[in-house]
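Visitor: Before I ask anything, here is the structure I am working with.
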Amino acid sequence: MGIPLRVLILEDRETDAQLMVEQLRDAGFDPDWRRVDTESEFSTAVNAELSLVLADYHLPQFDALQALQILRQRNLDLPVLVVTGALGDEAAVECLRQGAVDYLLKDRLARLGDAVKEALKKKQTRIERDRAEADLRRAHDELERRVTERTADLMLVNDNLGIEVAERRKLQESLVLKVKELQDALDQVKLLSGLLPICSYCKKIRDDENYWHQVDTFIRQRSDVRFSHGVCPDCFERVMQTEMKDHLKKLSQGGADKAV
């Protein structure tokens, strides 16, 4: 059992087509083939499931260049080998330029098997290359998608971080302001605490060294408090009026003594 090979042969001579098939079998292939010799037959028979096309360069109603044009129009990736009785250099170059993979003469068909193997190898290489390029494009697109998503995530995180940093900075500034306010308040206050020995009569306070001080002196030495002196109504009634009465009494007595 040879290598399966689906071949479309564009050839107007049945005997020439048979010779091509025999060469393929000798080269180890098992050809499933069909011969056509008109444009309509070729257009109907050609499809993507074929392995390759063997085409005569010139037929009465159709030729290899027209066949290559149909393949391009249908975007069919099929190896085309031009097999002809005679072919000039310019025609051969034009066939290759239009997409043929090789050409050979009918009187040298012994090379047909190797030419077909080479054409199939190139096609397989091209398929693998296209597959690898497609995989690479998909990987590149996936990488770009992930990078885009990751960049968006990082930008969102960065924005949120910026907001959080701004909020923390504002909170820190507020705390610093509060601390300053508290420190300013503490600077204005000195706390007196504990048990203060105070005289029940004169209201002097005894310090830790057993010295007695007036209340205002004791507090002034231990805080930032400053006193302004005055007389309350009770003291005015109790002290000032008494002193005034005594003063008036003395004055009246002094006047009486002078009269005597």
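The values are calculated or read from the model by the stated rules, or taken from the named source; none is laboratory data. Since the structure is predicted, the reported quantities are computational estimates derived from the model, not experimental observations. Counting neighbours? That spans all protein chains shown, and the Cβs are built from the backbone with ideal geometry, glycine included.
Visitor: Do you know which residues across the range 72-103 are among the hydrophobic types (A, V, I, L, M, F, W, C) and on the phi > 0 side of the Ramachandran plot?
Guide: none
Visitor: What do you reckon, is Q253 modelled with pLDDT of 75 or more and out of contact with any strand residue (DSSP E or B) (no Cβ under 7 Å at 6 or more places or on another chain)? Walk me through how you get there before you give the answer.
Guide: Working: modelled with pLDDT of 75 or more: yes; out of contact with any strand residue (DSSP E or B) (no Cβ under 7 Å at 6 or more places or on another chain): yes.
Spelling it out, Q253 is indeed modelled with pLDDT of 75 or more and out of contact with any strand residue (DSSP E or B) (no Cβ under 7 Å at 6 or more places or on another chain).
Visitor: Name the residues in the range 46-67 that are under 15 Å from K123 (Cβ atoms) and surrounded by 12 or more Cβ atoms within 10 Å (Cβ to Cβ), would you?
Guide: First, pick out the residues of the range 46-67 that are under 15 Å from K123 (Cβ atoms): 48-54.
Of everything in the range 46-67, those that are under 15 Å from K123 (Cβ atoms) and surrounded by 12 or more Cβ atoms within 10 Å (Cβ to Cβ) turn out to be L50, S51, L52, V53, L54.
Visitor: Would you pick out the residues in the range 1-12 that are surrounded by 15 or more Cβ atoms within 10 Å (Cβ to Cβ) and part of a loop (DSSP other than H, G, I, E, B)?
Guide: E11, D12
Visitor: Across the range 197-219, which residue is surrounded by the most Cβ atoms within 10 Å (Cβ to Cβ) among those that are under 17 Å from H229 (Cα atoms) and charged (D, E, K, R)?
Guide: Once the filter is applied, the top-ranked residue is K204.
Visitor: Please determine, by comparing only the residues of the range 17-45 that are polar (S, T, N, Q) and assigned to a helix (DSSP H, G or I), which one is surrounded by the most Cβ atoms within 10 Å (Cβ to Cβ).
Guide: Step one: filter the range 17-45 for residues polar (S, T, N, Q), giving 18, 23, 38, 40, 43-44.
From what's left, assigned to a helix (DSSP H, G or I): 18, 23, 40, 43-44.
Numbers: Q18: 14, Q23: 19, S40: 10, S43: 14, T44: 10.
Ranking the qualifying residues of the range 17-45, first place goes to Q23.
Visitor: Select from the range 167-204 the residues that are touching a helix residue (DSSP H, G or I) at 6+ places or on another chain (Cβ under 8 Å) and at pLDDT 75 or above and list them in ascending order.
Guide: Answer for the range 167-204, where residues must be touching a helix residue (DSSP H, G or I) at 6+ places or on another chain (Cβ under 8 Å) and at pLDDT 75 or above: I198, K204.
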